[in-house]
1. On a full-extension model of 0.36 nm per residue, what is the gain between Val94 and Arg12, subtracting their alpha-carbon distance, rounded to one decimal in nm?
2. Might you tell me the accessible area per residue for the stretch 7-118, computed with a 1.4 Å probe and given in Å²?
3. Give the carbon-plus-sulfur fraction of the accessible surface of the chain in %, rounded to a whole number; probe 1.4 Å, heavy atoms of protein chains only.
4. Using Cα pairs under 8 angstrom and six or more residues apart, how large is the relative contact order of the chain, in percent?
5. If each residue of separation counts as 0.36 nm, what is the full-extension length gain between Ser27 and His81 once their alpha-carbon separation is subtracted?
6. Could you tell me what percent of the DSSP beta bridges with both partners in the chain are antiparallel, to the nearest 5?
Amino acid sequence: MAYHVSADEFERIAADALESIPPALRSQMDADNLLITIQPGATNDDRDEGIDERVLGYFQGSTESTFSPTGYPKRIVLLQHHIERWCRTRAELVDQVRDTLLHEVAHYFGMDHDDIEKTRLHH
Ligand SMILES: [Zn+2]
């Protein structure tokens, strides 16, 4: 049932999703050098951290990360194949990418899952 697109196409969809974030928040993310990266799937490091196929993306902070002693920048990772797995159409994929990105951006701004539920960023 998965809906697949090329890496380029996925990147465009993610860029559009980023555009849907209010400019005030986006400029704060930029100023903080928050990286948004796309990976095809989980890496070995991710799997060691418990990132499995049900995880669509994650936020990695520079301070609380246990597996980056040298300090990666803060980043949001979108896992393309994991997201595609839940989608049957392009419209569903676009929605799911946006939901995943907004969910991780909410984490970046310090919201936990209870907060996210309240603002309906997550369903
Ligand atoms: Zn979350």
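The values are calculated or read from the model by the stated rules, or taken from the named source; none is laboratory data. None of these values were measured; they are calculated from a predicted model. Ligands, DNA and RNA are stripped out before the accessible areas are found, and what is left, the full protein with its side chains, is counted by its heavy atoms. Shrake-Rupley method; radii C 1.70, N 1.55, O 1.52, S 1.80 Å.
1. Details: separation 82, 0.36 × 82 = 29.52 nm, distance 0.99 nm.
This chain segment gains 28.5 nm when fully extended.
2. On the way: 6410 Å² over 112 residues.
Roughly 57 Å² per residue, with all protein chains present.
3. On the way: 3770 of 7440 Å².
Taking all protein chains in place, the chain shows 51 percent carbon and sulfur surface.
4. Details: 139 pairs, mean separation 39.8, N = 123.
Once normalised by length, the contact order is 32 percent.
5. Details: separation 54, 0.36 × 54 = 19.44 nm, distance 2.85 nm.
Gain in length upon complete extension: 16.6 nm.
6. Values: 4 of 9 bridges.
DSSP beta bridges in the chain are roughly 45 percent antiparallel.
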